[in-house]
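**Q** I have a structure I would like to understand better, so I am pasting it below and will then ask my questions one at a time.
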Amino acid sequence: MRDIAGQVGDTAILGVSPDKPAKQAKFDTKHGLGFPLLADEDHSVAEAYGVWTEKSMYGKKYMGILRSAFLIDEDGRIAQAWYKVKPAETATNLLAAL
């Protein structure tokens, strides 16, 4: 998303994760994102968007984020949603939708 920020016009790019702000700041510093990262520590935003889901790794079940991306229109409605998206696909999907 960092690499296409100049191509999206007045579309705002935001990242949301359940990580603490300090961890997000470290990630931003490392990768030079250039857009805000919002902390959803209680995963209320993830729950509202239906992406706080049961996951499984090595047979162990736990709750976590279903990696997703959303294009929200000027009226606050979801114009496009991509679930189980790979990070490399997010920018391509957004540019195609815009």
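The values are calculated or read from the model by the stated rules, or taken from the named source; none is laboratory data. Just so it is clear, the model here is predicted, and its values are computed rather than measured. Because the Cβ atoms are built from the backbone with ideal geometry, glycine has one as well, and the counts that use them run over all protein chains shown.
**Q** Exactly one of (1) loosely packed, with under 11 Cβ neighbours inside 10 Å; (2) at pLDDT below 95; (3) within 23 Å of Ala97 (Cα to Cα); (4) small (Gly, Ala, Ser) is unmet by Gly32. Its number?
**A** (3)
**Q** Against the condition out of contact with any His (no Cβ under 6 Å at 6 or more places or on another chain), part of a strand (DSSP E or B) and surrounded by 10 or more Cβ atoms within 10 Å (Cβ to Cβ), how does Lys61 come out, does it pass?
**A** No; evaluated as a whole, the condition is false for this residue.
**Q** Same structure, new question: Would you be able to say whether some residue in the stretch 38-47 is exposed (fewer than 14 other Cβ atoms within 10 Å of the Cβ) and assigned to a loop (DSSP other than H, G, I, E, B)?
**A** Checked the stretch 38-47: at least one residue is exposed (fewer than 14 other Cβ atoms within 10 Å of the Cβ) and assigned to a loop (DSSP other than H, G, I, E, B).
**Q** I'd like the residue in the stretch 18-37 that is of a type in the set (D, E, K, R) and not in a helix (DSSP H, G or I) and, out of all such residues, is farthest from Asp3 (Cα to Cα).
**A** For the stretch 18-37, the residue satisfying everything is Lys20.
**Q** Restricting attention to the stretch 40-62, report how many residues are under 17 Å from the mean Cα position of the chain (by Cα) and over 21 Å from Ile13 (Cα atoms).
**A** 2
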